[in-house]
Amino acid sequence: MADRFPVAAGLRGYGLVVAMWVRSTMAYRASFVMTTIGNFAASGLDFGAILLMFSHIDALGGFSLAEVALLYGASSCSLGLADLMLGSMDRIGQRVRDGTFDTLLVRPVPVLAQVAADRFALRRLGRIGQGALVLGWGAAHVDVAWTLPKALFTVVMVVSGAAIFASLFIAGAAFQFWATEAAEVQNSFTYGGSTLLQYPPTVFATELVRGVTFVVPLAFVNWMPALRLLGRENPLGLPGWVDFCGPFVALLMLTGAGLLWRAGLRSYRSTGS
């Protein structure tokens, strides 16, 4: 049955492993609450820096504080969701080095599901909650006439952004089959990319904006859809329909990451290879 429905088997296996870690976490509820609050506070330091910056300026790259908060909140929520679901993917290199990856291969659960759910950290809800608060505040204070389609578009932006970050987690983990010390490279595209997207595209060089649009399309996490919401022109002069491409970019990136994962898994030759 698992061979006929690999996706269903993977999701079921992922859910079982996640449930195990959640039960383990809830056994120490006071610790869970404190670590979640700590995660909330630590992730809020970046926005604290933005608030400090805006105490001396009125606009950043032509964007108001509320508009930057919208960018920040969307990026933080997207990364938080991907980090919650796949945040342990960067441990692949360590598993390959110490030989513990072999144990995943003999279990009747897809390897990707096991790796994704490994050490599932519920405390990462703190980052999502903090990002959601900033996103809500920014959405309430930007000059946007909110309608149901625009609200749904914002939800799609966050979910598509999470899928894009998830593809980077998977691709980075796959790369560690060949370069076991590549965890920091992965983090530079995920956590580093999120930090980049917290600021308006107008403060960066055009070459950088092109790079995160056409090479590693992080711009579709929040920049492109947010420009549509805020009624701003695309800094690259791209047509308006590009702002709606987030879900399609996410699907393409997830497909590519999945193929890269399969290639990496097939190339694995156990410890010492």
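Name the pairs: first residue in the range 228-253 and free of Cβ contacts under 8 Å to residues at least 40 places away in the same chain and over 19 Å from A162 (Cβ atoms), second residue hydrophobic (A, V, I, L, M, F, W, C) and part of a loop (DSSP other than H, G, I, E, B), Cβ to Cβ under 8 Å, at least 6 apart or on different chains?
So the pair list comes out empty.
Hey, among A162, A173, which residue is within 24 Å of L105 (Cβ to Cβ), in contact (Cβ under 8 Å) with a residue 12 or more places away in the chain and assigned to a helix (DSSP H, G or I)? Walk me through it before giving the result.
Details: A162 fails: within 24 Å of L105 (Cβ to Cβ).
None of the others qualify; the one that does is A173.
Restricting the search to the range 128-154, which residues are within 14 Å of F244 (Cβ to Cβ) and under 16 Å from the mean Cα position of the chain (by Cα)? Before the answer, list the steps.
Taking the range 128-154 and keeping what is within 14 Å of F244 (Cβ to Cβ), we get 149-150, 152-154.
The one that is within 14 Å of F244 (Cβ to Cβ) and under 16 Å from the mean Cα position of the chain (by Cα): T154.
For R228, work out the one condition from (1) of a type outside the set (F, W, Y); (2) over 25 Å from S43 (Cα atoms); (3) in contact with a strand residue (DSSP E or B) (Cβ under 9 Å, 6 or more places away or on another chain) it doesn't fulfil.
Only one criterion in (1) of a type outside the set (F, W, Y); (2) over 25 Å from S43 (Cα atoms); (3) in contact with a strand residue (DSSP E or B) (Cβ under 9 Å, 6 or more places away or on another chain) is unmet by R228, namely (3).
Output the residues belonging to the range 91-135 that are buried (at least 17 other Cβ atoms within 10 Å of the Cβ), assigned to a helix (DSSP H, G or I) and among the charged types (D, E, K, R).
Once the filter is applied, which keeps residues that are buried (at least 17 other Cβ atoms within 10 Å of the Cβ), assigned to a helix (DSSP H, G or I) and among the charged types (D, E, K, R), the range 91-135 yields R91, R95, R123, R124, R127.
Out of the residues in the range 213-227 meeting the condition of being in contact with a Leu (Cβ under 7 Å, 6 or more places away or on another chain) and within 17 Å of A166 (Cβ to Cβ), tell me which one is surrounded by the fewest Cβ atoms within 10 Å (Cβ to Cβ).
Narrowing the range 213-227 to residues in contact with a Leu (Cβ under 7 Å, 6 or more places away or on another chain): 213, 218, 221-223, 226.
Next cut, within 17 Å of A166 (Cβ to Cβ) only: 218, 221-222.
Working: L218: 26, V221: 31, N222: 31.
It comes out as L218.
Determine, yes or no, whether G44 is among the small types (G, A, S), at pLDDT 85 or above, surrounded by fewer than 17 Cβ atoms within 10 Å (Cβ to Cβ) and closer than 26 Å to A162 by Cβ. Outline the logic, then answer.
Working: among the small types (G, A, S): yes; at pLDDT 85 or above: yes; surrounded by fewer than 17 Cβ atoms within 10 Å (Cβ to Cβ): no; closer than 26 Å to A162 by Cβ: yes.
Taking the combined requirement at face value, the residue does not satisfy it.
Could you please tell me which pairs satisfy a Cβ distance under 8 Å, a separation of 6+ or placement on different chains, a first residue in the range 13-32 that is over 11 Å from R119 (Cα atoms) and among the acidic types (D, E), and a second residue that is modelled with pLDDT under 90 and surrounded by 14 or more Cβ atoms within 10 Å (Cβ to Cβ)?
none
Please state which of the following conditions S88 fails to meet, knowing it meets all the rest: (1) under 24 Å from T255 (Cβ atoms); (2) touching a Gly at 6+ places or on another chain (Cβ under 8 Å).
Condition not satisfied by S88: (2).
Within the range 136-169, how many residues are more than 30 Å from D118 (Cβ to Cβ) and not small (G, A, S)? Walk me through how you get there before you give the answer.
Keep residues of the range 136-169 that are more than 30 Å from D118 (Cβ to Cβ), which gives 136-154.
So of that shortlist, the ones also not small (G, A, S) come out as 137, 141-144, 146-150, 152-154.
Matching residues across the range 136-169 total 13.
Tell me yes or no: at least one residue of the range 46-60 is assigned to a loop (DSSP other than H, G, I, E, B) and under 27 Å from P217 (Cα atoms). Break it down stepwise before answering.
Pass one, the range 46-60, residues assigned to a loop (DSSP other than H, G, I, E, B): 55-59.
Still in the running and under 27 Å from P217 (Cα atoms): 59.
Yes.
Taking the criterion of being modelled with pLDDT of 95 or more, over 21 Å from the mean Cα position of the chain (by Cα) and either within 15 Å of A116 (Cβ to Cβ) or not in a strand (DSSP E or B) (or both), would at least one residue in the range 69-89 satisfy it?
No, there is no match, as no residue in the range 69-89 is modelled with pLDDT of 95 or more, over 21 Å from the mean Cα position of the chain (by Cα) and either within 15 Å of A116 (Cβ to Cβ) or not in a strand (DSSP E or B) (or both).
Taking the stated definitions as given, is R210 charged (D, E, K, R), touching a residue at least 40 places away in the same chain (Cβ under 8 Å) and closer than 30 Å to A145 by Cα? It would help to see each step written out before you state the result.
On the way: charged (D, E, K, R): yes; touching a residue at least 40 places away in the same chain (Cβ under 8 Å): no; closer than 30 Å to A145 by Cα: yes.
Criteria not met by R210.
Please find, among A27, A2, A8, the residue that is surrounded by 12 or more Cβ atoms within 10 Å (Cβ to Cβ), at pLDDT below 90 and more than 21 Å from the chain's Cα centre (by Cα). Let's see the steps before the verdict.
Details: A27 fails: surrounded by 12 or more Cβ atoms within 10 Å (Cβ to Cβ); A8 fails: surrounded by 12 or more Cβ atoms within 10 Å (Cβ to Cβ).
Of the residues listed, the single one that is surrounded by 12 or more Cβ atoms within 10 Å (Cβ to Cβ), at pLDDT below 90 and more than 21 Å from the chain's Cα centre (by Cα) is A2.
What tally of residues in the range 195-211 results from selecting those that are buried (at least 21 other Cβ atoms within 10 Å of the Cβ) and in contact with a helix residue (DSSP H, G or I) (Cβ under 6 Å, 6 or more places away or on another chain)?
The total comes to 3.
If a residue must be under 21 Å from V156 (Cα atoms), more than 21 Å from the chain's Cα centre (by Cα) and not in a helix (DSSP H, G or I), how many such residues does the range 234-273 contain?
The number of residues fulfilling the criteria is 3.
The values are calculated or read from the model by the stated rules, or taken from the named source; none is laboratory data. Treat the numbers as computed from the prediction; the structure is a model and nothing was measured. Every residue, glycine as well, gets a Cβ built from its backbone with ideal geometry; the counts of neighbours run over all protein chains shown.
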